[in-house]
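The values are calculated or read from the model by the stated rules, or taken from the named source; none is laboratory data. These numbers come from a predicted model, not from an experiment. In this analysis, Cβ positions are derived from the backbone assuming ideal geometry, glycine residues included, and neighbour counts consider all displayed protein chains. Protein only, heavy atoms only, side chains kept; ligands, DNA and RNA dropped before computing areas. Shrake-Rupley method; radii C 1.70, N 1.55, O 1.52, S 1.80 Å.
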Amino acid sequence: MKKTWFITGASRGFGRIWAESALKRGDRVTATARKLADVADLSERFGDAVLPLALDVTDSAQVQQVVHRAYAHFGRLDILVNNAGASLFAATEEASDEQIRGLFDANYLGMVRVLRAALPLLRKQGSGHILGVSSGLGITALPLIGFYCATKWAVEALHESLAQEVKAFGLKVTLVEPGAYATDFGKSSQIADVLEPYAEFRKQFLTRLAEVERGDPEATAEAILKLVDAENPPLRLGLGTSILPRARAAYAERLETWEAWEDVSNAAMGEPKESMKAWIEQLVHGTADQA
């Protein structure tokens with residue numbers, strides 16, 4: 001059965017690769033990018049199977065308009081791929097408020113805007129699979145991209161909650177976490193001016209980053225197609241050979257620290273207090289004081 005996709009950030013990288021893979025196997029795709037010219041060529045290759053549209057996920061009105069236009073055009077929506085994003089290369093002290101807000105606006109609020117536009121349609125339809133794309137780099141909280149990692153963690157929490165919220169409506173949710181791949185994502189990063197105290201640190205980090213083994217982004221297409229065809233897709237899917245080893249190392253270190261401080265943590269519990277049961281029951285029945 002043909003599937004109908006809606007993909008943000010389809011101008012290049014993973015978004016473009018997955019859009020083309022879906023179209024090559026006969027699916028239908030709404031391919032969006034900030035500039036229509038960056039996705040318009042898909043029509044020449046795939047004809048009516050693709051609907052190229054301009055979409056800036058930081059524009060709430062445009063998001064609503066484009067999602068509904070795509071749904072009306074194809075008559076349904078099976079796969080929603082929230083892939084558009086931005087990156088900021090900066091140490092904590094180097095980034096400006098404007099740069100940080102812009103990053104969260106694109107990477108987190110942009111996803112939320114697309115979800116708010118699509119969810120009423122998916123709920124009414126009673127089916128659909130939501131894919132949120134989040135870089136796997138955040139699992140080790142690498143420096144100099146700390147703000148990107150912060151948005152990654154917010155995106156993770158968003159999709160973990162979303163999966164529970166929409167399960168009853170027949171909707172599936174997967175957080176796709178690519179490791180290091182040879183895309184040009186980093187080349188489009190905003191780069192904050194370096195502060196002298198961090199100059200050597202940045203140099204060392206970039207040297208290490210240059211040595212990271214990067215996967216072939218084209219190789220991810222088969223995995224994504226298997227994911228969207230799965231009857232019971234996972235909540236999380238890591239792409240590449242680096243994700244699982246890094247996750248094991250990161251959580252082993254965290255467990256070691258938590259266990260070392262277990263006595264301090266337990267003592268901080270204090271004496272048990274009355275629960276919030278009454279207030280929660282009021283929330284259930286809509287009678288809690290919201291003042």
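Got a sec? Which of Ile79, Ile100 is in contact with a Phe, Trp or Tyr (Cβ under 9 Å, 6 or more places away or on another chain), open to solvent by 30 Å² or more (accessible area, probe 1.4 Å), closer than 23 Å to Pro178 by Cα and β-branched (Val, Ile, Thr)?
Details: Ile79 fails: open to solvent by 30 Å² or more (accessible area, probe 1.4 Å).
On inspection, the qualifying residue turns out to be Ile100.
With Glu231, Glu196 as the choices, which residue is open to solvent by 90 Å² or more (accessible area, probe 1.4 Å), under 14 Å from Ala90 (Cα atoms) and of a type outside the set (Lys, Arg)?
Sole residue among the options that is open to solvent by 90 Å² or more (accessible area, probe 1.4 Å), under 14 Å from Ala90 (Cα atoms) and of a type outside the set (Lys, Arg): Glu196.
Does any residue of segment 155-168 turn out to be in a loop (DSSP other than H, G, I, E, B) and either open to solvent by 90 Å² or more (accessible area, probe 1.4 Å) or in contact with a strand residue (DSSP E or B) (Cβ under 6 Å, 6 or more places away or on another chain) (or both)? Walk me through it before giving the result.
Let us first name the residues in segment 155-168 that are in a loop (DSSP other than H, G, I, E, B), namely none.
Looking through segment 155-168, none of the residues is in a loop (DSSP other than H, G, I, E, B) and either open to solvent by 90 Å² or more (accessible area, probe 1.4 Å) or in contact with a strand residue (DSSP E or B) (Cβ under 6 Å, 6 or more places away or on another chain) (or both).
Where the second residue is among the small types (Gly, Ala, Ser) and the first is at negative phi and lies in segment 264-290, which pairs have Cβ atoms under 8 Å and are six or more apart or on separate chains?
From segment 264-290, the pairs are Trp279/Ala288; Gln282/Ala288.
Within the set of pairs 6+ apart or on separate chains, which have a first residue in segment 58-70 that is under 18 Å from Ala86 (Cβ atoms), a second that is open to solvent by less than 10 Å² (accessible area, probe 1.4 Å) and part of a helix (DSSP H, G or I), and C-beta atoms under 7 Å apart?
Between residues of segment 58-70 that are under 18 Å from Ala86 (Cβ atoms) and residues that are open to solvent by less than 10 Å² (accessible area, probe 1.4 Å) and part of a helix (DSSP H, G or I), the close pairs are Thr58/Gly110; Val63/Val114; Val63/Ala117.
Here's a check for you: in segment 8-38, which residue that is open to solvent by 30 Å² or more (accessible area, probe 1.4 Å) and outside any helix (DSSP H, G or I) is farthest from Asp56 (Cα to Cα)?
So, considering only residues that are open to solvent by 30 Å² or more (accessible area, probe 1.4 Å) and outside any helix (DSSP H, G or I), the one farthest from Asp56 (Cα to Cα) is Arg25.
Failed condition for Gly47, given (1) closer than 16 Å to Arg76 by Cα; (2) open to solvent by 10 Å² or more (accessible area, probe 1.4 Å), with all others met?
The single condition Gly47 does not satisfy is (1).
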